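Report on the following structure.
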Amino acid sequence: MPRGTRLIAVSKTKPVEDLMQAYQAGQRLFGENKALEMRDKYLVMPKDIQWHFIGHLQTNKVKYIAPFVSLIHSVDSLHLLKEINKEAVKNGRCIDCLLQIDIAHEQTKFGMEDALAEELLTGDAYREMKNIRICGLMGIGSITDDREQTRREFAHLKDLFDKFKHLYFSEEDCFSELSMGMSEDYETALQQGSTLVRIGSSIFGARDYGTAH
Ligand SMILES: *Cc1c(COP(=O)(O)O)cnc(C)c1O
């Protein structure tokens, strides 16, 4: 992988034993998409792990991960950001976040339109929040075999990232992360400048979403 790019092992639905195997092989960044599942794994696993939250986050669940989460990739509203800030204050810490941008325009995906993200960054409400830091952008590509479409979506996210960095973060170096790429499309994402790839099934095998949990 290019220098400066980090691999997040997406361990959602997988048992702690599987995560521990990856941990013993040296992996320290794990991604989860359910707040309680992440909290439960955090409680029993070594404390030098960085926990990345990558799923849709409901405001009433923020409290479960606020004490320890290292990066929330999926901020998709000002409302959610306010709640994260509130819980960060309670925990006496600053929580790093990414804004999730809707790059695929598929019904099932979450994320903000470009203009909404820009509105958030230029608004007073954001400026007043002292316990969150926006460190970059995240996007989920379309599920498609069309590499050119995927490339366009990631290139668009990179352009938006560069624009925001130039316009709103020119004096700070915290705005530096571009989270894009999963098992199926990480190569394209890396070519387009991803700094955080989120890989699940290629590491842990296919997930079983059956009824057994
Ligand atoms: C599950 C998930 C991944 C990992 O997907 P794989 O295809 O298993 O690599 C990455 N990002 C998000 C947001 C996810 O929900």
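The values are calculated or read from the model by the stated rules, or taken from the named source; none is laboratory data. Quick caveat: nothing in here was measured; it's all calculated off a predicted structure. Note that we place each Cβ from the backbone using ideal geometry, even for glycine, and neighbour counts take in every protein chain shown. Side chains are part of the model used for accessible areas, which takes the heavy atoms of the whole protein and leaves out ligands, DNA and RNA. Shrake-Rupley method; radii C 1.70, N 1.55, O 1.52, S 1.80 Å.
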- Hey, among 84, 49, which residue is away from the ligand (no atom under 16 Å from the Cβ), within 21 Å of residue 126 (Cβ to Cβ) and in contact with a helix residue (DSSP H, G or I) (Cβ under 8 Å, 6 or more places away or on another chain)? 84
- Which one of 40, 18, 48 is out of contact with any strand residue (DSSP E or B) (no Cβ under 8 Å at 6 or more places or on another chain), in contact (Cβ under 8 Å) with a residue 60 or more places away in the chain and surrounded by fewer than 22 Cβ atoms within 10 Å (Cβ to Cβ)? 18
- Query: Which of (1) open to solvent by 10 Å² or more (accessible area, probe 1.4 Å); (2) touching a residue at least 60 places away in the same chain (Cβ under 8 Å) is the odd one out, the single condition residue 98 does not satisfy?
  - Reply: (1)
- What are the residues in the stretch 21-36 that are open to solvent by less than 50 Å² (accessible area, probe 1.4 Å) and either under 17 Å from residue 138 (Cβ atoms) or part of a helix (DSSP H, G or I) (or both), if any? 22, 23, 29, 30, 31, 32, 33, 35
- Message: Out of the residues in the stretch 1-15 meeting the condition of being in a loop (DSSP other than H, G, I, E, B) and closer than 12 Å to residue 204 by Cβ, tell me which one is least open to solvent (accessible area, probe 1.4 Å).
- Response: 11
- Options 202, 176; residue that is within 16 Å of the ligand (Cβ to nearest atom) and hydroxyl-bearing (Ser, Thr, Tyr): 202
- Message: Pairs needed: first member in the stretch 73-89, in contact (Cβ under 8 Å) with a residue 24 or more places away in the chain; second member anywhere, part of a strand (DSSP E or B) and open to solvent by 20 Å² or more (accessible area, probe 1.4 Å); C-beta distance under 9 Å; at least 6 residues apart or different chains.
- Response: 73/177
- Task: Scan (1) open to solvent by less than 20 Å² (accessible area, probe 1.4 Å); (2) free of Cβ contacts under 8 Å to residues at least 40 places away in the same chain for the single condition residue 55 breaks and write down its number.
- Result: (2)
- Criterion (open to solvent by less than 20 Å² (accessible area, probe 1.4 Å) and over 29 Å from residue 158 (Cβ atoms)) met by exactly one of 66, 117: 66
- Item | Residue list for the stretch 69-95, restricted to those being touching a Phe, Trp or Tyr at 6+ places or on another chain (Cβ under 8 Å) and either open to solvent by 20 Å² or more (accessible area, probe 1.4 Å) or outside any helix (DSSP H, G or I) (or both) | 69, 70, 71, 72, 73, 74, 76, 78
- Which of (1) in contact with a helix residue (DSSP H, G or I) (Cβ under 7 Å, 6 or more places away or on another chain); (2) at pLDDT below 95 is the odd one out, the single condition residue 174 does not satisfy? (1)
- Counting only residues that are open to solvent by 50 Å² or more (accessible area, probe 1.4 Å) and touching a residue at least 24 places away in the same chain (Cβ under 8 Å), give me the helices (runs of 4 or more DSSP H) lying completely in the stretch 137-213 with at least 3 of them. 147-168
